[in-house]
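Enquirer: Can you keep this structure in mind? I'll have questions shortly.
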Amino acid sequence: MAIGGLSLALGFNRGAKVTSARVVLLGLILAVATSHFARAEGLGQKISVVGDWTVYQDKDSMTDAVSCVATYKGRAQVQATTTSLAFSFRGRGGVSSYKYRIDEAPPSDLVLATDIQKQLDSIIFESDTFASIMAAKRFRLQVLTILSSVADEDISLASLPQAVATMKKHGCSN
């Protein structure tokens, strides 16, 4: 099954019972995959450039729900919504483990990637971590890939709060 450039192997055997856990897991994977790493042509209409962030808006053709995403310096591998900051390592070796650092605070402990992070080749920061990111000026991420290489991201967050405000102003709450 291919969704937004992602290939998912569902692993359902013919005649096998579909458990509620599998349905919930599939729902989670689909929600994350469709809300974060759409291919560049699927990001929607460009509505604003705010510092290093380009804000796109899209409208669901079935529900009319409005969603927005901001890309960092035009790179679809780094995206923000009003509630999260996400990094894709698809085509860059995937995700085995990672550390992150907000501003000049000490780096986080090593975090082992979850099964979903490994399947999506992505890391998504939400909740309290996203709140800390929104108050910061710099974010660094160091990823040990499945191929045993190291991938580094170092982004300026100076204009992220304004990009998020722009998304909210346009009716996006994703």
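All of the numbers you see were taken from the coordinates with simple rules; none came from a lab. Quick caveat: nothing in here was measured; it's all calculated off a predicted structure. Because the Cβ atoms are built from the backbone with ideal geometry, glycine has one as well, and the counts that use them run over all protein chains shown.
Enquirer: What lysines sit close enough to Lys46 to cross-link, taking a C-alpha to C-alpha distance under 28 Å and skipping anything fewer than 8 places away on the same chain?
Expert: By straight Cα distance, Lys46 reaches Lys59, Lys73, Lys137, Lys168, Lys169.
Enquirer: Would you order Phe87, Phe139 from fewest to most other beta-carbon atoms within 10 Å of each residue's own beta-carbon? Walk me through the intermediate numbers first.
Expert: Values: Phe87 26, Phe139 23.
Sorted ascending by nearby Cβ count, the order is Phe139, Phe87.
Enquirer: For the range 86-92, take each phi angle, set θ = phi - 60°, evaluate the Karplus expression 6.51 cos²θ - 1.76 cosθ + 1.60, and give the result in whole Hz per residue in order, putting x for glycine and proline.
Expert: Here the 3J(HN,Hα) series is 10, 10, 9, 10, 5, x, 10 Hz.
Enquirer: Hey, got a sec? Which GluC sites (Glu not before Pro) in the range 70-156 land in a DSSP loop and have at most 14 other Cβ atoms within 10 Å?
Expert: The qualifying sites are Glu104, Glu126.
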